[in-house]
Amino acid sequence: SRALARERAARGDKVVAQVQTDMTGYRRGGDPLGVAFVADSRATDPKLTDYVMEVAKVYRDERLTLYPRVITGSECCSDHQSYHAAGYSAAGLIEPRGYTGDPQYHRVGDTSARAEYSKLQVTLAARIALAAGADLAELQQ
């Protein structure tokens, strides 16, 4: 994503916002369905993050818990960071325990075919990203 973000910036592409959903499926036993917002201002735009969070409060499924930041683990280093570094406004949504909260993170067992992977959680996180994208698109008209 770094190369693509740099290429788009060099061409002067108009990118209104980059809303990233990455690693949103891991759900540790006993945890509620949830999604966290990347709060690291070195990798995201705090104003866009706040905006997406407000959109999420309106459009989220009531079963989904919203976390203003990850509760454990790492929140850095995904496509949102590449776009932010290229000068674009970016926000990131991630599973509540962060990238390193999943014991299978980047291992052979890091698949959707396991008990700890919640397809419902992924779907509900995607709904937030889509709602934010639609809302942002309407603002541009």
(request) Report the calculated FRET efficiency for Ala3 and Glu54 (r = Cβ-Cβ distance, R0 = 41 Å), to the nearest 0.05. (result) 0.80
(request) Restricting to the chain, compute how many DSSP beta bridges are antiparallel as a %, nearest 5. (result) 30 percent
(request) Using packing as a proxy for protection, rank 102-110, 76-84, 59-67 so that the peptide with the highest average count of other Cβ atoms within 10 Å comes first. (result) 76-84, 59-67, 102-110
(request) Can you tell me the FRET efficiency between Thr65 and Asp135 if r is taken as the Cβ-Cβ distance and R0 is 22 Å, rounded to the nearest 0.05? (result) 0.55
(request) Determine ³J(HN,Hα), in whole Hz, for all residues of segment 95-104 in sequence, where each value follows from phi through the Karplus function 6.51 cos²θ - 1.76 cosθ + 1.60 and θ = phi - 60°; x replaces Gly and Pro. (result) 5, x, 8, x, 4, 8, x, 8, x, 9
(request) Based solely on C-alpha atoms, express the radius of gyration and the Dmax of segment 36-92 in angstrom. (result) 11.5, 35
(request) If a/c stays under 1.5 just call it rounded; otherwise compare a/b with b/c (prolate if a/b is bigger, oblate if not). Do that for segment 65-104, with a ≥ b ≥ c from the square roots of the Cα gyration tensor eigenvalues. (result) oblate
(request) Give the carbon-plus-sulfur fraction of the accessible surface of the chain in %, rounded to a whole number; probe 1.4 Å, heavy atoms of protein chains only. (result) 50 percent
(message) For a distance above 22 Å, tell me the whole-number percent of Cα pairs in segment 1-81 that qualify.
(response) 32 percent
(request) Provide the net charge surrounding Ser41, with neighbours chosen by a C-beta distance below 14 Å and charges set as Lys +1, Arg +1, Asp -1, Glu -1. (result) -1
(request) For Leu93, enumerate residues with amide H under 5 Å from its amide H, sequence gap 5+ or separate chain, H modeled in the peptide plane. (result) Gln20, Thr21, Asp22, Val38
(message) Counting only helical runs of four or more DSSP H residues, what would the 222 nm mean residue ellipticity of the chain come to if each run contributes -39,500 (n - 2.57) and the total is spread over all its residues?
(response) -11500 deg cm²/dmol
(message) At 1.4 Å probe radius, can you tell me the per residue accessible area of segment 51-141 in Å²?
(response) 54 Å²
(message) Please compute one quarter of the surface area of the Cα convex hull for the chain and express it in square nanometres.
(response) 8.5 nm²
(message) Using only the Cα atoms of segment 73-133, what semi-axes does the equivalent ellipsoid have when each is the square root of 5 times a gyration tensor eigenvalue? Give whole Å, largest first.
(response) 23, 16, 9
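The values are calculated or read from the model by the stated rules, or taken from the named source; none is laboratory data. It should be emphasised that the depicted structure is a prediction, and the values quoted were computed from it without experimental measurement. Here the Cβ is made from the backbone with ideal geometry for all residues, glycine too, and neighbour counts use every protein chain on show. Please note that ligands, DNA and RNA were not included when accessible areas were found on the heavy atoms of the full protein model with its side chains. Shrake-Rupley method; radii C 1.70, N 1.55, O 1.52, S 1.80 Å.
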